[in-house]
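Enquirer: Quick one: this structure, given as structure tokens, is what I'll be asking you about.
The values are calculated or read from the model by the stated rules, or taken from the named source; none is laboratory data. For clarity, every value in this text was computed on a predicted model and none was experimentally measured. Every residue, glycine as well, gets a Cβ built from its backbone with ideal geometry; the counts of neighbours run over all protein chains shown.
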Amino acid sequence: MDDAPYCDTPERAPAPADGGPPYAECVLCRKPTEYPESTKGSTLCPVCAWQEAGRTACSG
Ligand SMILES: [Zn+2]
């Protein structure tokens, strides 16, 4: 077997570093957002928020 074990690591957001609150996951890409986990509704990371804003602006 030549499987590289480190390739088996799932692409998940790492736990926040010390000193920061836990951030909610982006609902689209599951990366940590700028919002705390207690934020209600959909949370988007800056990238997805920017893309959503652009999509909304271009759809009308
Ligand atoms: Zn995202």
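Enquirer: Which of the residues belonging to segment 20-60 are at positive phi and touching a residue at least 12 places away in the same chain (Cβ under 8 Å)?
Expert: The one that is at positive phi and touching a residue at least 12 places away in the same chain (Cβ under 8 Å): ARG30.
Enquirer: Considering each residue of segment 20-37, count those that are near the ligand (Cβ under 8 Å from one of its atoms) and in a strand (DSSP E or B), and give that number.
Expert: Residues in segment 20-37 being near the ligand (Cβ under 8 Å from one of its atoms) and in a strand (DSSP E or B): 1 in total.
Enquirer: While we're looking at this one, here's another question. Specify the residue that is nearest to the ligand (Cβ to nearest atom); the eligible residues are those in segment 38-60 that are in a loop (DSSP other than H, G, I, E, B) and surrounded by 11 or more Cβ atoms within 10 Å (Cβ to Cβ).
Expert: CYS45
Enquirer: Further question on the same structure: Would segment 16-27 turn up any residue that is aliphatic (A, V, I, L, M) and either touching a Gly at 6+ places or on another chain (Cβ under 6 Å) or modelled with pLDDT of 85 or more (or both)?
Expert: Yes, because at least one residue in segment 16-27 is aliphatic (A, V, I, L, M) and either touching a Gly at 6+ places or on another chain (Cβ under 6 Å) or modelled with pLDDT of 85 or more (or both).
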